[in-house]
Structure formats: C-alpha cells, structure tokens
Amino acid sequence: MPLVIDAPQADAIELDELVEYLHDADIDTADHDAMVSVAPMLKRLNNNRTFLSDLALEELKKRTSIGNGTNNYGPQVIMLYAPTRRFQTFFLRANFWPATQDHILRASGPEQFFYHHPHDHSFNFLTSGYFGPGYSSNYYTYDYEQTAGYPGEPVALKFVEKSALHEGKVMLYRACVDIHDQLPPESMSISLNIMELTVRGGVLDQYSFDVERNLVGTMINRMSMACLMPMIAQLGDGDAADYLHETARSHLSERVRFSALKAMAGTQPNLESTIAVFERGTRSDSALVAGWSKHKIARLEGLRA
C-alpha cells in the first residue's frame, strides 16, 4: 500500500512557502526517498486551515481566472500550483471527495471520481488528508515488471489493508506499485497532493484491475502518439502506411506498437481483413501486443455470432 509517513509537525506555512521550497530543493519527484523528505512541508501546509478557502474566495471575487485554464477549477480538482517553469518536476493540487449522499456524486456518478475503480498510477504523488474523514481505499500491491498489461491478463495482486485518508495523514503513492480501490468518504473530504511531473507519467502504462478475479482491466492513461495514429491511418498516403507498419514492427514502446497495429486494423474494408491484421499481432514477441491482439480478435469474432 502507499507508504504512511510519520509527520508530527504542528506549525503551519503558506502555499508559496511550499512552492519555493520545492523549487529551491530541486526535489526528484520520481524518487521515493526524495518525496518522503517533502512530507514535513506538505504537513505544514496541511496545518494551515484557511489557505484553501482564502484561495477559493480570492478567485471567486476576481471572477476572471476560474475556468480559464490557469487554475483548472472543476468539480473535483483545484490546481494550486501549475507547471510554470522549465524542467519543473511537480505540480500541486487539491482534490474534493464527495460522499454518497452529496448531490454532485448522485448527479455525476461514482465513476467520475474513480470510486469503485481499482487502479494504479504511473507517477508518484504525496498526499495528505486536509479536511473530513477522507476517502477509504482497499489497498493492493503488484509487480509492474511482470505485467504485460493486456485486458484479462492474470496478475498477482496482494491485498494489504483497508484504511482512510483522515485529516493529517500523509502518504506516498508509489508509481507502478500501489493499487487502490477508492470508496466514498462518510462526508465531503479534501486532500492535498504534490504530484510527480516527469516524462515517465506519459510513457509508463496505468491500469485498472479486476481485484475479485486478479486480472488486468485495461489501460487508463492516454498517449498522444496513440491518438494521432488513427488519423494518419485514415488520411495519410503511402508514407503513413509505411510508418505504421514499421512502428508496429519495431517501436521501443510496446503500447505504441499495438497502437499502430490497431490504427492499421481500423482502415480495413471488412471484418475478415481486420481480424487478419490482429492475427499478425498475436505472433508478436511482445506479450502486450499479442495479448491485446487476442483480446481484439475475441471481441471481433463475437460480432460474427
């Protein structure tokens, strides 16, 4: 489960003091020990019981920056400090966690808040319980290196415990290690987060899991290259086709290789030729490409019935 960090600090700081500290210390947010070393500063900000309401009130009075992308106000997240400098490796946010009886949860549905949706993260983040009883989680760990990542893949999940992110508690969620199945809190709660902002967050895969059957669900993070491939497959010329073939064959990222294969399959004129593209994928030396290809074939063959 996430590392629970003893942070007994009782004094309080302002948001800008935490920001200045993170920049001056040049914290490597991809490193567990470095993130743990920041816990006392996060706890001190957590002890400031008015900074968040003061920030929200200031923005409401301005009526200019809310929703314009700079503060990223939304139903769940307030961006406390966005990426503003070159080579910045962190950003800060506050998350709201509605309870089952709250209108926003009943209106939006639990999936909008990742409740009852077991998942890991492809980045580290340090979190603290700022207000309320905190969301509860069933915590698991797994071996990322031994996981290919295709839907339905068996994975050895290790249940650790169920606990809540109560006020004052500080934890480090470790990238590609910790899985949590979040449950709504008993009443509205808020957490503060120091988020890792490094390249691996966009390169490593993030998964959902079926914790009842110990299976991978699907990938849940986006990759910009994968989004562009269907477009060039549909609109491109011979150069685009050559690029997709070569990418599917030899790209270093297995996920990119499968994305290229899927883009090529999307241009096929009929079901049989689409399945034939994925059949080539089943012969890949990549467990991810082969597994995803078999998953796609099974779904396509279901259309024949």
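The values are calculated or read from the model by the stated rules, or taken from the named source; none is laboratory data. All values derive from a computational prediction rather than experimental measurement. Ideal geometry is used to build each Cβ from the backbone, glycine not excepted, and the neighbour counts take in all protein chains shown.
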request  = Would you check which residues across the range 119-158 are without any contact (Cβ under 8 Å) to a residue 60 or more places away in the chain and of a type in the set (A, V, I, L, M) and list them?
outcome  = Ala156, Leu157
message = Filter the range 1-27 down to the residues that are within 27 Å of His180 (Cα to Cα) and modelled with pLDDT under 95 and list them by number.
response = Met1, Ile27
note = Looking across the range 81-108 at residues that are charged (D, E, K, R) and surrounded by 15 or more Cβ atoms within 10 Å (Cβ to Cβ), the single one that is nearest to Leu183 (Cα to Cα) is Asp102
remark   = The one condition Ile78 fails out of (1) without any contact (Cβ under 8 Å) to a residue 60 or more places away in the chain; (2) crowded, with 19+ Cβ neighbours inside 10 Å; (3) over 20 Å from the mean Cα position of the chain (by Cα) is (3)
ask   = Among all residue pairs at least 6 apart or on different chains, which show Cβ distances below 7 Å where the first residue, located in the range 255-280, is under 14 Å from Cys227 (Cβ atoms) and the second is outside any loop (DSSP other than H, G, I, E, B) and of a type in the set (Ser, Thr, Tyr)?
value = Val256/Thr247; Ala260/Thr247
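Residue-by-condition table, conditions (1) among the hydrophobic types (A, V, I, L, M, F, W, C); (2) buried (at least 16 other Cβ atoms within 10 Å of the Cβ); (3) in a helix (DSSP H, G or I):
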{"position": "Pro185", "(1), (2), (3)": "no, yes, no"}
{"position": "Asp205", "(1), (2), (3)": "no, yes, no"}
{"position": "Met229", "(1), (2), (3)": "yes, yes, yes"}
{"position": "Gln234", "(1), (2), (3)": "no, no, yes"}
{"position": "Phe258", "(1), (2), (3)": "yes, yes, yes"}
query = Among the residues of the range 110-118, is there at least one that is at pLDDT 95 or above, buried (at least 20 other Cβ atoms within 10 Å of the Cβ) and closer than 30 Å to Thr282 by Cα?
reply = yes
key: Residue that is farthest from Thr247 (Cα to Cα), among those in the range 280-305 that are crowded, with 16+ Cβ neighbours inside 10 Å and of a type in the set (S, T, N, Q)   = Ser293
